[in-house]
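Trainee: Okay, here's the structure, questions in a sec.
Read-outs: derived from the displayed coordinates by stated rules, not from any lab. None of these values were measured; they are calculated from a predicted model. So basically every Cβ, Gly included, is an ideal-geometry build from the backbone, and we count neighbours across all protein chains shown.
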Amino acid sequence: MNKKIIFLFLFLLPAFNYICQPVQTVPKNNFVAISADDKIENIIFKAANVVPTQQQYNWQKLEFIAFAHFGMNTFTDREWGEGTEDPKLFNPSRFNARQWTRILKSAGVKMLILTAKHHDGFCLWPSKYTEHSVKNSPWKNGSGDIVREVSNACREAGLKFGIYLSPWDRNNKDYGDSPKYNEYFVNQLKELLTNYGEITEVWFDGACGEGPNGKKQIYDWQAYYKVVRELQPEAVIFGMAPDIRWVGTESGYGRDTEWSVIPIGLKDLTPQMLTGKNPLDDIYQPKDVMGEDLGSRDKIKSANGLFWYPAETDVSIRPGWFYHSNQDKEVKSPGKLTDIYFNSAGKNGVLLLNIPPDKRGLISKYDEKSLLGMKKILDKTFKNNFAALAKTDSSTMNKTFYSSDKSEGQYWLAENDSASIEFTLPEEKIFDAAMLKEEIRLGQRVEKFHLDYWDGKEWKNFSEGTTIGFKRLLRFSPVKAKKVRLVIQQSRLNAAIADFGLFKMYGQ
Ligand code: FUL
């Protein structure tokens, strides 16, 4: 029989006074070494206690962020430039970064990442290390700086700001001449990380084409990380770095089973290697993480180390990453964007949605309409959480309190690694969506769960899943019920559930 889950959730149970006590029983870190004599139970216990760094946690909480692919390709109608384009082609007629941030802010976006330099090497800021930049364009007679205007507009609107800087550079003549080009890249990074205020995410694409000299460029990732850590210690690095991983597809649909704790996959990893302020930086070898199963028991049992490596799910609102007027009619609909949100932010990932400004330097009306349409569906759907006022079978409550930040530190801690909790709603409701969250600052633990409703005679299953992580959203055929239960069938350690919700999808 399932044991009862223990409840700790302030907004559900405002009458309770929590006893503050630390629950940490093992040192918590965003990595752990596994030794050859660790038994499988030890490995699972270790996996369940790997947690995000503060930077990774802050990033995860953003949930929905935006990309702006804007640059030379916007004007040449291409996706990948050659690097030989004339800077004079870059000339937005009505560029206005405040228009971007106004739309993004009202769509619920929390950060904007700008393509400061794409593969063609054209720089949106007047870098002093190249002539291939806005300074040689007719825009503002060469005195403009897109990175400056966008970063200022973000700060003004209360959005975080991030930069995409492509290591692959088809313009630079030293590309392929590894040490020389690495120096150039580091210099550009330094410009971007010192002159534009706080940078929250640095996006490193792994693309690596052949240089003009036919040579292959060897990127010095460790040197790049060092610059970021020194100049922007609060930033996370995406992609070819140990902070944030690419989900593995550009469709916007993450995995049904999405583990944030996965093997580091290094040969001969010893605890002694994990030292210093950012220990993973020195040992991490960038690679694509695209497999279907990244962190199941089967995957972690033979690992020599595990780390917290959460997924970012990038997708474009249009077929291309850059703006092309012939794609105006192919902008994803509000319904499609909502589905993407459920399958990215709702599958333990952060949704990175690309909205490419047009030749005028503005977000087009087509993209704006879809974005705001999606926002309306999400707002109206999540406004009423039928479970928020539910009574729960909380007799076995363990009054444990974890975070110093009381507003978001409450959770229900299961007594065991299988458990169930019943919710009695104030009245019968019809719902077709559910939301679950784990308190990931304790680790990601749940491996299998299902949801049942009471039909007056017996429990009937209406939805199920494997991992939960930071957030899991589920959609199912409408259910009419007053009593619902969450059954945790398998967990790596006592589940710590930070939120639960039942909703009716707007417009369906
Ligand atoms: C890829 C690039 O090649 C695309 O052009 C785009 O920038 C995408 C987000 O990343 O690797």
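Trainee: Given H placed on each backbone N at 1.01 Å, which residues far from residue 203 in sequence or on other chains put an amide H within less than 5 Å of it?
Mentor: 163, 164, 165, 238
Trainee: Going through the stretch 146-232, which trypsin sites (Lys or Arg not before Pro) have at most 16 other Cβ atoms within 10 Å and a DSSP loop state?
Mentor: Here the sparse-neighbourhood loop sites are 173, 215.
Trainee: Shifting gears a bit: Using a Cα-Cα cut-off of under 16 Å, which aspartates and glutamates could be cross-linked to residue 180, ignoring same-chain neighbours fewer than 8 residues away?
Mentor: The reachable aspartates and glutamates, counting only those whose Cα sits under 16 Å from residue 180, are 169, 210, 220.
Trainee: With angles folded into 0 to 90 degrees, how steeply does helix 178-195 sit against the dominant principal axis of the chain? Use alpha carbons for both and round to 10.
Mentor: 70 degrees
Trainee: What does DSSP give for the chain in terms of the percent of beta bridges that are antiparallel, rounded to the nearest 5?
Mentor: 60 percent
Trainee: If you don't mind, there's one more thing I want to ask. For the chain, give the magnitude of the charge dipole about the Cα centre (Cβ charges: +1 Lys/Arg, -1 Asp/Glu; no others), in debye to the nearest 20.
Mentor: 1380 debye
Trainee: Charges on Cβ only, +1 for Lys and Arg, -1 for Asp and Glu, centred on the Cα centroid of the stretch 57-382; of 103, 139, 163, which one is farthest towards the dipole's positive end?
Mentor: The residue sitting most towards the positive pole is 103.
Trainee: Hey, another quick one. Please report the net charge: other residues with Cβ closer than 10 Å to the Cβ of residue 96, K and R +1, D and E -1.
Mentor: Summing Lys/Arg as +1 and Asp/Glu as -1 gives +3.
Trainee: Apply 1/(1 + (r/R0)^6) to the Cβ-Cβ distance of residue 76 and residue 285, taking R0 = 41 Å, and write down the FRET efficiency to the nearest 0.05.
Mentor: Computed FRET efficiency for residue 76 and residue 285 comes out at 0.70.
Trainee: If each residue of separation counts as 0.36 nm, what is the full-extension length gain between residue 36 and residue 379 once their alpha-carbon separation is subtracted?
Mentor: Taking residue 36 through residue 379 to full extension adds about 118.5 nm, to one decimal.
Trainee: Now, a different point. Quote the relative contact order of the stretch 198-263 in percent (integer), defining contacts as alpha-carbon pairs under 8 Å separated by 6+ residues.
Mentor: Dividing the mean separation by the residue count of the stretch 198-263 yields 35 percent.
Trainee: If you bin the C-alpha pair distances of the stretch 106-257 every 10 Å from 0, what whole percents do you get?
Mentor: For the stretch 106-257, the pair-distance distribution reads 11, 38, 36, 14, 2, 0.
Trainee: Taking only the alpha carbons of the stretch 149-194, what extent do you get along each of the three principal axes, in Å, biggest first?
Mentor: 41, 19, 13
Trainee: Return the long-range amide H neighbours of residue 66 (sequence gap of 5 or more, or a different chain), with a cut-off of under 5 Å between placed amide H atoms.
Mentor: 110, 111, 112, 113, 353
Trainee: Then there is this: Can you pull the three principal axis extents for the Cα set of the stretch 138-225, in Å, largest first?
Mentor: For the stretch 138-225, the Cα extents along the three principal axes come out at 44, 33, 19 Å.
Trainee: Let me ask another. For the Cα atoms of the chain, what angle does the longest principal axis make with the long axis of helix 221-231, in degrees from 0 to 90, nearest 10?
Mentor: 80 degrees
Trainee: Okay, next question. The stretch 50-130: which trypsin sites (Lys or Arg not before Pro) are DSSP loop and have at most 12 other beta-carbon atoms within 10 angstrom?
Mentor: Passing sites in the stretch 50-130 are 94, 128.
Trainee: From the Cα trace of the chain, what convex hull volume per residue do you get, rounded to a whole Å³?
Mentor: Normalising the Cα hull of the chain by residue number yields 146 Å³.
Trainee: Against the longest alpha carbon principal axis of the chain, how many degrees, from 0 to 90 and to the nearest 10, is the axis of helix 146-157 turned?
Mentor: 30 degrees
Trainee: Which FRET efficiency value, to the nearest 0.05, is calculated for residue 216 and residue 480 with the Förster distance at 41 angstrom and r the Cβ-Cβ distance?
Mentor: E(calc), rounded to 0.05, equals 0.10.
Trainee: Give the residue from 151, 436, 231 lying farthest towards the positive end of the charge dipole for the chain; charges sit on Cβ (+1 for Lys and Arg, -1 for Asp and Glu) and the dipole is referred to the Cα centre.
Mentor: Value computed over the given set: 436.
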